[in-house]
Amino acid sequence: MEAKSPSESRTTLTDLVLPSETNPLNNLFGGELLARMDRAASIAARRHSRRIVVTASVNHVAFNKSIPLGSVVTVEAVVSRAFKSSMEIYIDVWVEDRESGRRTKANEAIYTFVAVDETGTPIQIPALKPETDLEKERYEAALRRKQLSLVLAGKMKPKDATELKALFEE
């Protein structure tokens, strides 16, 4: 299986914030944004693996900036690391200023997807070959995030989390 670059999975979804998608403050519901991020991430994971994919976890979500009614919202998702059957997807959310057209980063998230066959059994996927400095940075950090998640879930002993230990060694 030949390694793929993150750019091969890049997915961009752009849409408007409508009145039915807002809270009493006329900002986009967090759950609506989560659904948009999940859709973009699933497409990115499918593009990388060319398999059926399922959401395994939402590892990190930061609602840094509210997104007002009528805003143009762009969700960008890209595979940041591929493991045996799972993929970490990094998501950036941008909001466009209505008057200037300038884009501002509003939110970000990290999801994990697993590629499965028709019976739901995890299946091997291609490796990822990062190219840009940002892709390399996210690729390296993904292993630390995975190890931390495994340690917290009790599926890995802290002493075996080599990438995490390296952060604290001199």
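The values are calculated or read from the model by the stated rules, or taken from the named source; none is laboratory data. Small disclaimer: the values here were computed from a predicted structure and weren't measured. Please note: Cβ atoms are built from the backbone with ideal geometry, for glycine as well, and neighbour counts cover all protein chains shown. Side chains are part of the model used for accessible areas, which takes the heavy atoms of the whole protein and leaves out ligands, DNA and RNA. Shrake-Rupley method; radii C 1.70, N 1.55, O 1.52, S 1.80 Å.
Here are a few things to note about the model shown:
- Based on protein heavy atoms only, the chain ends up with 57 Å² per residue of surface accessible to a 1.4 Å probe.
- Here r is the Cβ-Cβ distance between Thr121 and Ser100 and R0 is 35 Å; the resulting FRET efficiency, rounded to 0.05, is 0.10.
- Selection of GluC sites (Glu not before Pro), the range 1-100, meeting DSSP coil and at most 11 other Cβ within 10 Å: Glu2, Glu99
- Computed over the range 66-120, the P(r) curve from all C-alpha pair distances, binned at 10 Å from the origin, holds 22, 36, 22, 16, 3 percent per bin.
- Proximal lysines relative to Lys129, as straight alpha-carbon distance under 21 Å, when same-chain residues fewer than 8 apart are discounted: Lys4, Lys84, Lys146
- Among the protein heavy atoms of the range 58-170, carbon and sulfur supply 51% of the accessible surface, probe 1.4 Å, non-protein parts ignored.
- Theoretical FRET efficiency, 1/(1+(r/R0)^6), r = Cβ-Cβ of Leu69 and Ser7, R0 25 Å, to 0.05: 0.15
- Helix 30-49 and the long axis of the chain differ in direction by around 50°, with both axes built from C-alpha atoms.
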